[in-house]
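Quick one: the structure is below, and I'll ask about it shortly.
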Amino acid sequence: MEGLLTIVRRLRARRVVEVGHGRNLRYLKGLLKAGIDAWGVEIDVQHVRRALEEGVPSVNVDAVEKSRWVRRVLRPDLVYAVRPPVELAVGLIERYPTVALRMREEERHELPEPSIQIGDWDLHTVLDLHTFEEDRRVKPQISR
């Protein structure tokens, strides 16, 4: 969770979207508790209902197929996913400008090289990363 919070703060992200949260609402609840505007995007309507019942904003939509809708309506500064299937991870990287992924170690090599790594998180972005280097407290691990 700490690595994700570091990424969100460094990007100064106002709205964050988790794709494929399933039953695990830990990251969304942590972001909401930290005062960050966080939303879930889930293809399974039962998981969306459960999230809404627990007070976590979530929508039932396919984040890859409906990426234009997600970008236009939710307007996320950061999209992230925790241990997504490789196909979903690739789809997110191709369709969103800033994506943070926490992948299984054995699946990392199947993805494009991340722009930067912070803890267990790989950040794929088209943004200039000079803001990450300004904060001396957390040193980014530049991928080679």
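The values are calculated or read from the model by the stated rules, or taken from the named source; none is laboratory data. Model, not experiment: these values are computed from the prediction. Cβ coordinates were reconstructed from backbone atoms using ideal geometry, including for glycine residues, and neighbour counts include every protein chain displayed. Surface areas here come from the heavy atoms of the whole protein model, side chains and all, with no ligands, DNA or RNA. Shrake-Rupley method; radii C 1.70, N 1.55, O 1.52, S 1.80 Å.
Report relative contact order for the chain in percent, whole number only (criteria: Cα-Cα under 8 Å, sequence separation at least 6). Can you show the working numbers first?
Numbers: 231 pairs, mean separation 30.2, N = 144.
In percent, rounded to a whole number, it is 21.
Shifting gears a bit: Regarding the chain, what is the average projected area of its C-alpha convex hull, in nm²? Walk me through the numbers before you get to the answer.
Details: hull surface 32.7 nm².
Spelled out: convex hull of the Cα atoms, projected over all directions, averaged, 8.2 nm².
Moving to a separate point now. What is the local net charge at residue 92, summed over the other residues whose Cβ is closer than 15 Å to its Cβ (Lys, Arg +1; Asp, Glu -1)? Display every interim value, and only then the final one.
Working: positive: 66, 68, 71, 83, 95, 102, 108; negative: 18, 42, 62, 65, 77, 87, 94, 107, 110, 122.
Net charge in that neighbourhood comes out at -3.
So for region 1-134, taking the charge dipole from beta-carbon charges (+1 Lys/Arg, -1 Asp/Glu), which of 46, 86, 3 sits furthest toward the positive end?
Most positive-ward Cα: 46.
Right, another one. Just want the answer: with Cβ charges of +1 for Lys and Arg and -1 for Asp and Glu, which residue in 63, 109, 73 is farthest toward the dipole's positive end in the chain?
So the residue we want is 73.
How much of the accessible area of the chain, in percent, comes from carbon and sulfur atoms when a 1.4 Å probe is used? Can you show the working numbers first?
Working: 3810 of 8240 Å².
Heavy-atom surface of the chain belonging to carbon and sulfur, 1.4 Å probe: 46 percent.
Principal axes first, then extents: for the Cα atoms of region 29-71, list largest minus smallest coordinate on each axis, whole Å, largest first.
Projected onto its principal axes, the Cα set of region 29-71 covers 30, 22, 10 Å.
Right, something else. Suppose we look only past 16 Å in the calculated P(r) of region 33-97. What percent of the Cα-Cα pairs does that tail hold? Could the numbers behind the result be given before it?
Values: 1000 of 2080 pairs.
The share of Cα pairs beyond 16 Å in region 33-97 comes to 48 percent.
What does the accessible area per residue of the chain come to in Å², with a 1.4 Å probe and no ligands, DNA or RNA counted? Intermediate results must be reported in sequence, preceding the final value.
On the way: 8240 Å² over 144 residues.
In whole numbers, the chain has 57 Å² accessible per residue.
Are there any chymotrypsin sites (Phe, Trp or Tyr not before Pro) in region 48-133 that are in a DSSP loop and have at most 11 other Cβ atoms within 10 Å? List them by number. Walk me through the numbers on the way to the answer.
Numbers: sites: 69, 80, 121, 132; in loops: none.
Answer in residue order: no site qualifies.
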